[in-house]
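K.L.:
What follows is a structure written as structure tokens; I'll ask about it next.
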Amino acid sequence: MFSLDSADQAFLLTETAGALVLLLSANLLNRQIKLHRHGDTAEGVVVDVEYSGTSSPRYYAVVRFWTPQCEWVTARAAYGTDVPGCQAGDTVRVRFDPANPSHFTVGTDGSTLRPWASAIGGAAICLYGLIKYLNL
């Protein structure tokens, strides 16, 4: 019968966790790059700022904007911030997916830094697991 010792189990767990974080970050980065390259921009108005979470709350702007396809969109930003970056009534620039306008980012919401930091963290977890496993 096949069995793993504790070092093998710890290695597999660490590598799986690191790879999962890395893959999720890569997916988010890919979506943001596509949005940046192919997205349209519009001016919108913040109608509300919602927050979620208890230990480390995230603030999400709810924005209403007009698309070039002549439709109003009111939606919550996909990416939140650690501190409220805007308040109700503020005018903001949004970049949105023309095929799905409710997928957008708000001007300088800092959403590009988080996936890069997560990707680096995932790679660091994988590297740590490998170093521990090889006893380097």
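Nothing in this text is a laboratory measurement; each read-out follows from the coordinates by a stated rule. Note that the structure is predicted; figures quoted are calculated from it, not measured. Neighbour counts run over all protein chains shown; Cβ positions are idealised from the backbone, glycine included.
K.L.:
For the Cα atoms of the chain, what angle does the longest principal axis make with the long axis of helix 113-134, in degrees from 0 to 90, nearest 10?
P.N.:
That helix lies at roughly 0 degrees to the long axis.
K.L.:
So what's the gap between the Cα centers of the stretch 52-97 and the stretch 1-47, to the nearest angstrom?
P.N.:
22
K.L.:
Let me ask another. Over all directions, average the projected area of the Cα convex hull of the stretch 1-132 and note it in nm².
P.N.:
Details: hull surface 43.4 nm².
If I average the Cα hull's projected area over directions, I get 10.9 nm².
K.L.:
Now for a different question. Would you grab the residues whose amide H sits under 5 Å from the one on Val92? Only those 5+ places off in sequence or on another chain, please, with H modelled 1.01 Å from N.
P.N.:
Gly44, Val45, Val46
K.L.:
I've got another one for you. For the residue pair Leu24 and Thr54, what label-to-label distance in nm results when each label sits 7 Å from Cα along the Cα-to-beta-carbon direction?
P.N.:
2.0
K.L.:
Kindly write out, for the stretch 79-88 in residue order, the coupling ³J(HN,Hα) from the Karplus curve 6.51 cos²θ - 1.76 cosθ + 1.60 (θ = phi - 60°), rounded to whole Hz, with x marking Gly and Pro.
P.N.:
With the stated coefficients, the stretch 79-88 comes to 10, x, 10, 6, 10, x, x, 8, 9, 3 Hz.
K.L.:
Quote the charge dipole size of the stretch 80-136 about the Cα centre in Debye, to the nearest 20; the model charges only the Cβ of Lys and Arg (+1) and of Asp and Glu (-1).
P.N.:
200
K.L.:
What is the sum of charges, Lys and Arg at +1 and Asp and Glu at -1, for the other residues whose Cβ falls under 13 Å from the Cβ of Glu71?
P.N.:
Around Glu71, the surrounding residues sum to 0.
K.L.:
Let me ask another. Using only alpha carbon positions, build the gyration tensor of the stretch 67-123, then give the equivalent ellipsoid semi-axes as the square roots of 5 times its eigenvalues, largest first, whole angstrom.
P.N.:
24, 16, 8
K.L.:
All other residues with a Cβ under 15 Å from the Cβ of Gln9 taken together, and with Lys, Arg as +1 and Asp, Glu as -1, what is their net charge? Walk me through the intermediate numbers first.
P.N.:
Details: positive: Lys132; negative: Asp5, Asp8, Glu15.
Residues near Gln9 contribute -2 overall.
K.L.:
Dipole size in debye (nearest 20) for the stretch 10-134 around its Cα centre, Lys and Arg Cβ +1, Asp and Glu Cβ -1?
P.N.:
Taking the Cα centre of the stretch 10-134 as origin, the dipole is about 320 debye.
K.L.:
Just name one of Ala78, Thr91, Ala61: the one whose Cα is farthest towards the positive end of the charge dipole of the chain (beta-carbon charges, Lys/Arg +1, Asp/Glu -1).
P.N.:
About the Cα centre, the residue reaching furthest to the positive side is Thr91.
K.L.:
Next question. In degrees, nearest 10, range 0 to 90: what is the angle between the Cα axis of helix 6-38 and the longest Cα principal axis of the chain?
P.N.:
With both axes taken from Cα atoms, the answer is about 20 degrees.
K.L.:
May I ask you to derive the FRET efficiency for Leu4 and Lys34 from their Cβ-Cβ distance with R0 = 30 Å, giving the value to the nearest 0.05? Mind dumping the intermediate values first?
P.N.:
Values: r = 40 Å, r/R0 = 1.32.
About 0.15, to the nearest 0.05.
K.L.:
Still on this structure, please answer the following. Cut-off 10 angstrom, C-alpha nodes, Gaussian network model of the chain. Which of Gln87, Gln69, Gln32 fluctuates the most?
P.N.:
Checking each option, the largest mean-square fluctuation is seen for Gln69.
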